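These notes are about the structure you will find just below.
FYI, it's all coordinate maths here, none of it is from the lab. Because the structure is a prediction, the values reported are computed rather than measured. Here the Cβ positions follow ideal geometry from the backbone for every residue, glycine too, while neighbour counts run over all protein chains shown.
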Amino acid sequence: MRIMLFACVLLIVASTGASSMPSSELCVGLYAEASRSIMSVDYPGAFMPFELWIWWLPSEHGLAAAMYQITYPSNVIQGNLIVNPLAQVNLGCVDPQLCAVFETNCQMDWVWTHRRTCFLTDALPGFIEIGPPGPSTLEAANCDLGYPMEAVTILNKFGVNQEAVVAVGSRSWGAIKSLYR
């Protein structure tokens with residue numbers, strides 16, 4: 001009986017620990033809600049508000065800071081911007097939409113930096129995209145000594161009146177599933 005109980009405890013600890021395991025790559029995705037399952041929005045025939053969340057999955061080196069740019073199609077009006085209280089945007093960030101610095105501690109699990117209320121005005125298809133603030137590739141600072149920059153994998157383009165475009169690559173199915181645990 002004790003062996004069975006010990007095995008159950010090990011199974012529970014192993015399964016709960018897996019949800020906070022960092023990815024081998026630093027990733028970012030755009031979602032319509034906190035559970036990171038909706039990646040698009042459709043126009044229902046009337047002026048419609050929706051939320052856009054920017055979610056980051058740190059690599060095994062963590063996430064300390066990120067600079068990025070969000071581009072919106074013409075039929076999306078940007079509303080209020082809410083900054084995650086963990087993201088201290090007052091540390092040299094010119095525009096809070098473009099930057100997040102985690103001053104208090106290194107982020108090692110999924111974390112959102114910003115949440116914006118947007119308004120969809122018509123049924124024209126398009127995408128909301130995240131990318132670098134300039135012509136380079138998207139990078140973010142990890143938590144290693146000296147906060148070195150690390151390439152960021154963009155998980156999706158947020159679909160407006162169409163399905164989202166989800167990034168594909170050479171990942172295994174197990175690696176992809178681990179991002180959503």
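So if we plug the beta-carbon distance of ASP144 and MET48 into 1/(1 + (r/R0)^6) with R0 = 45 Å, what FRET efficiency do we get, rounded to 0.05? Intermediate values should be presented prior to the final figure.
Details: r = 43 Å, r/R0 = 0.95.
It comes out at approximately 0.60.
Exposure proxy check: THR153, THR117 ranked by fewest other beta carbons within 10 Å? If you can, show how the numbers build up before the last one.
Working: THR153 18, THR117 14.
Result, fewest neighbours first: THR117, THR153.
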What is the local net charge at ILE38, summed over the other residues whose Cβ is closer than 13 Å to its Cβ (Lys, Arg +1; Asp, Glu -1)?
-3
